[in-house]
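Have a look at the structure below, then the notes.
The values are calculated or read from the model by the stated rules, or taken from the named source; none is laboratory data. In this text, all values refer to a predicted model and were calculated from it rather than measured experimentally. Cβ atoms come from the backbone with ideal geometry, glycine included; neighbour counts cover every protein chain shown. The area values use the complete protein model at the heavy-atom level, side chains included, leaving out ligands, DNA and RNA. Shrake-Rupley method; radii C 1.70, N 1.55, O 1.52, S 1.80 Å.
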Protein chains: 4
Amino acid sequence: MTAIILIHCVDQPGIVARVTEFIHSNKGNVLSLEQHVDRSAGRFFMRLKWDLDRFMIAKEKIGEYFQTLIAAPYGMIFDLYFPGQKPRMAIFVSKMSHCLYDILSRWESGEWQVEIPLIISNHADMQPIAERFGIPFHLFLVSKENKAEQEARQLELLHRENIDFIVLARYMQVLTTDFLKYYPHRVINIHHSFLPAFAGAKPYHAAYERGVKIIGATCHYVTAELDAGPIIEQDVTRVSHKDSLDTFVRKGKDLEKIVLSRGIFLHIQRKLLVHDNRTVVFG
Amino acid sequence: MTAIILIHCVDQPGIVARVTEFIHSNKGNVLSLEQHVDRSAGRFFMRLKWDLDRFMIAKEKIGEYFQTLIAAPYGMIFDLYFPGQKPRMAIFVSKMSHCLYDILSRWESGEWQVEIPLIISNHADMQPIAERFGIPFHLFLVSKENKAEQEARQLELLHRENIDFIVLARYMQVLTTDFLKYYPHRVINIHHSFLPAFAGAKPYHAAYERGVKIIGATCHYVTAELDAGPIIEQDVTRVSHKDSLDTFVRKGKDLEKIVLSRGIFLHIQRKLLVHDNRTVVFG
Amino acid sequence: MTAIILIHCVDQPGIVARVTEFIHSNKGNVLSLEQHVDRSAGRFFMRLKWDLDRFMIAKEKIGEYFQTLIAAPYGMIFDLYFPGQKPRMAIFVSKMSHCLYDILSRWESGEWQVEIPLIISNHADMQPIAERFGIPFHLFLVSKENKAEQEARQLELLHRENIDFIVLARYMQVLTTDFLKYYPHRVINIHHSFLPAFAGAKPYHAAYERGVKIIGATCHYVTAELDAGPIIEQDVTRVSHKDSLDTFVRKGKDLEKIVLSRGIFLHIQRKLLVHDNRTVVFG
Amino acid sequence: MTAIILIHCVDQPGIVARVTEFIHSNKGNVLSLEQHVDRSAGRFFMRLKWDLDRFMIAKEKIGEYFQTLIAAPYGMIFDLYFPGQKPRMAIFVSKMSHCLYDILSRWESGEWQVEIPLIISNHADMQPIAERFGIPFHLFLVSKENKAEQEARQLELLHRENIDFIVLARYMQVLTTDFLKYYPHRVINIHHSFLPAFAGAKPYHAAYERGVKIIGATCHYVTAELDAGPIIEQDVTRVSHKDSLDTFVRKGKDLEKIVLSRGIFLHIQRKLLVHDNRTVVFG
């Protein structure tokens, strides 16, 4: 049994000593510790994982004790996780299967410690794939007129299923700010460009027109501003004048699925901390 | 003795057969041939290098014969080069030495078949480096008031020295449209971002603010619109939350010098063809 | 309707002119042409794709005419393909699903023009996946004792199904030289290292022990000598001291599936030519 | 004024708490802290940098106090550095200038906090470059017969100049085990291949023969066994059938200089720890 804590606060002397002493003196054993200080912002970040086997504070009391003894005096914001409890992930998808297969095959093989209670889509195309993997598929036909209503129904479903976070696996709808406020930094998107280049619609068209020599994909948390949320992971691949728009799309799909899956895995492992619209990605 | 011809025209049947037959029937030996058809634009591109040793048309007549017999009937635009004649390159530089050293050390070692008759700068900082390599250094202090006048003097110098093309090795001045019209697709710049992301001033600051996970550099031909000319080469390197603005700049400098030098080398080898603000880069 | 021809022969003057004239004079239209001369070996390679719509030689006669008129006098070795006829690919797999899913999802989405009539395995683990995609799954339990016999049965099945080429998608058995002679340069393997480093068994263990900072994967044609066949494609990813053997394996799997699929796609498109244990990979 | 300490020992509970408490209780301020536990080897590694401005233990006493109070009870091996004191680096070079220029231009621009008191070579070719940068150049003509004697003279020079570490910037001589014992994990080499592939002489020839699609360079500490020392950094670049041996060499040179310089910079910053022939590279 282990615990993970993610912390950030104003930088100040003695934080590491105080936190590690708290773990050590209560007979916890530090399994990994990473800290980062953003000097320009004067901010401290830490991820700490420790063994609970002989820890003297009961699991359900750790948050309260940490808040009282350490977080309050240091002005910390923290999140506490127990890796033994798998997070529950919903997938939103439209018509393309490449990211969906990549996610489901990792889940099926046991590569990820995650549960996938449901898949939501605005098209029926991916239903057969969901069924092959035995995952309930929910169709929500979204139009301009019914968008608010459909999002409300989606949220109800997500809450009923205790969904912790959402993955947009090439979901071709913009979520409203109203929706997003229920999942702050808990909606992961893959954008098919090297952001901030080619934000918005049709990035491969725009990249082709511009004559770039490298294309990319960006995994980020969704925020109210389109394609402007905190970046989790990016990667690129070479293209040349020999490539057409079709081969941009084909090469890009390989990037998209790998970059999205890397981002999801970082989230599942609780290695991501967001501050000031940027991510700290602990190794 | 060899010749290189770069061709482009509307795509039409039989071009390769006609051009290679022209070479072959006149006892030229094709050393390399690359062709590309841009299907969406309906345009044909070709680079051909051949051995002149037994070629039956005199070197100084090749252009005329090719124009009459082939280019005119097919509506081709072509450029003819003789690699034995080294192109003459001017370097424009401001205060940073990394690109300058990279260029000069390649030139000195014989890696490039190019002549460097002069270095132009708006600051005196790089003068000692130019002198170490025995290259004349010309200082042109440029201000808003005297910019037109100084560019005119620079152009006079460039023409007097028969300069074929110009390299902006982190030159911190924008060249005017008036200047550029004398060197169309003959001014090579290095921009310290992955264009079109972060065009304009202070790209590392902007990239740092945005929280990107990869930074890049772009080598391009300069056109009237800032940072929007045809891209020759790009490359990227990973960054993380651990990087500061300083390390963005330091890592970026390694990219800049390598990407710029790759672009220059492609230009020297006559492997670049520009059409519709994009480059064809022959392998 | 199009045709693709792959050619190699001793380098000699006039080949391109002669071949393109053959296409052009018979009213074929060249769609793409790539040629390569290996100067150190004095060898010429070419891939040419042309439109057959108005071609004056009947499809089934092209090979004969080309042999008589061009290949014989120039001493060429050539292969002729008609992209309209999908190649038939067999997949050999053992216990891991990542490459298999990557292949099947591309096939299902129509990304590749290929048929997959069967999957062969020495374990039953992947049978459910094959069934989901509706592909016949054949179990051949292979032991030292029955290997010759099982390979004979596999060959019989492959011939009966008119299999053109075989993909080893992390198949954990070595094919015998006897088997391979029926599929020369038609068995594609993925090796989980950056060959020639870490050939043979347990490459991730060896890479971890050596303390490398980058791991790789290599797609190659299988030949009699283990892991020494012509390399089709390679790629790499960064690792660090933070990685364990487990994360080497996890990161490596992403490389394996992408590199294998790139190699397969090149093969399907007839872009690969093998000579002297090396590949020419036409763009 | 800052201090850096590099520590490794058998993994055991409470190390981080104990060390950070030592810094904190003596009024030091931790600037950065990185720790790593190699679970398979059961070993703990840490790099800690702290501010000495108000530190209560005098700089020259820190080592003694740390040894007595912490290192001894925990069985730690540690190294203590004061970044204000620039390390002294000797460069060994033969006939090629690309790594040498890369190193000297970084040093001259102030990118690295290092002193370069001397350059040693077995050829006179690089003497003019050394002189341009005002660095004493020492020629040691090495033959089979005089190797022991020349190494003895080199060592005498290195000791007289208080050299801390040595960089082999494409130095084409093997240093003897006798020599190396004076600079354990203090001789940095660049090997022009992706080790362990193509160790030994002529790696580009071997890579070309093998038909690889990617070539690499490896920066490592030199040990008694040729090209088998702890790897510091590696990088790769793509090649294709279009590349000749000459272009392998040319592309490789760009890799070599960048990878070597990255390795040197890590060493200068005291970010490298060696254990069991592998490096821990602190971010």
Tell me the label-point distance for the pair residue B:172, residue B:43, using the 7 Å Cα-to-Cβ offset, in nm and rounded to one decimal. 3.6 nm
Past 31 Å, Cα to Cα, is the threshold; run C:61/C:147; D:49/D:202; A:86/C:95; B:86/C:49; A:242/B:181; B:253/D:181 against it and keep the listed order. C:61/C:147; D:49/D:202; B:86/C:49; B:253/D:181
Which distance in nm do the two modelled labels at residue B:12 and residue B:276 give, with both placed 7 Å along the Cα-to-Cβ direction? 1.8 nm
Peptide-level mean, for C:62-68, of C-beta atoms on other protein chains within 10 Å: 0
Computed label-point distance, nm, for sites residue C:202 and residue C:123 using a 7 Å Cα→Cβ extension: 1.7 nm
All alpha-carbon distances of region C:116-171, grouped into 10 Å bins from 0, give the whole-percent distribution 22, 56, 22, 0
For the charge dipole of region D:185-246, defined by +1 on Lys and Arg C-beta atoms and -1 on Asp and Glu C-beta atoms about the Cα centroid, which residue among D:200, D:241, D:212 has the Cα displaced farthest towards the positive pole? D:241
Magnitude of the Cβ-charge dipole (Lys and Arg +1, Asp and Glu -1) of the protein assembly as shown about the Cα centre, nearest 20 debye, reported as 0 debye
Hydropathy first: keep DSSP H helices in chain B averaging at least -0.5 on Kyte-Doolittle, then drop any whose Cα extent along the axis falls short of 24 Å, and list what survives. B:245-268
Please state, rounded to one decimal and in Å, the Kirkwood hydrodynamic radius that the protein assembly as shown gives when every pair of distinct Cα atoms enters the mean of 1/r. 32.5 Å
Suppose every K and R has +1 on its Cβ and every D and E has -1 on its Cβ; what is the size of the dipole of region C:2-81 about the Cα centre, in Debye to the nearest 20? 80 debye
Take peptide C:238-246, look around each residue's Cβ out to 10 angstrom, count Cβ atoms belonging to other protein chains, and average those counts. 4
Percent of alpha-carbon pairs separated by more than 17 Å within region B:2-81: 39 percent
In terms of the ratio Rg/(2.2 N^0.38 Å) built on C-alpha atoms, what value belongs to region A:120-230? 1.17
Write out the trypsin sites (Lys or Arg not before Pro) in region D:30-101 meeting two conditions: DSSP loop, and at most 16 other Cβ atoms within 10 Å of their Cβ. D:39, D:54, D:95
Relative contact order %, chain A, counting alpha carbon pairs below 8 Å whose residues are six or more apart: 15 percent
Given 0.36 nm per residue, what is the gain on full extension from residue C:94 to residue C:113 after removing their alpha carbon distance, in nm? 4.4 nm
Compute the separation of the alpha-carbon centres of region C:184-263 and region A:183-208 and state it in Å as a whole number. 31 Å
Net lengthening on full extension, residue B:156/residue B:59 (0.36 nm per residue, minus Cα-Cα): 31.9 nm
Gyration tensor (alpha-carbon) shape descriptor, chain C, a/c threshold 1.5: prolate
Which percent, nearest 5, of DSSP beta bridges in region D:88-281 are antiparallel? 50 percent
How charged is the neighbourhood of residue B:30? Take every other residue with its Cβ under 9 Å from the Cβ of residue B:30, and add Lys/Arg as +1 and Asp/Glu as -1. 0
Average other protein chain Cβ within 10 Å of Cβ, residues D:27-34: 5
From the backbone phi of region D:183-190, what are the Karplus-calculated ³J(HN,Hα) couplings (6.51 cos²θ - 1.76 cosθ + 1.60, θ = phi - 60°) in whole Hz, Gly and Pro given as x? 10, x, 6, 10, 10, 9, 10, 10
Once you list every other residue whose beta carbon is under 13 Å from the beta carbon of residue C:160, what net charge do they have if Lys and Arg are +1 and Asp and Glu are -1? 0
Find the chain B residue whose Cβ sits closest to the rotation axis that carries B onto D, and give that distance in whole Å. B:132, 2
Residue-normalised value, i.e. accessible area per residue, for chain B at 1.4 Å probe, in Å², stands at 40 Å²
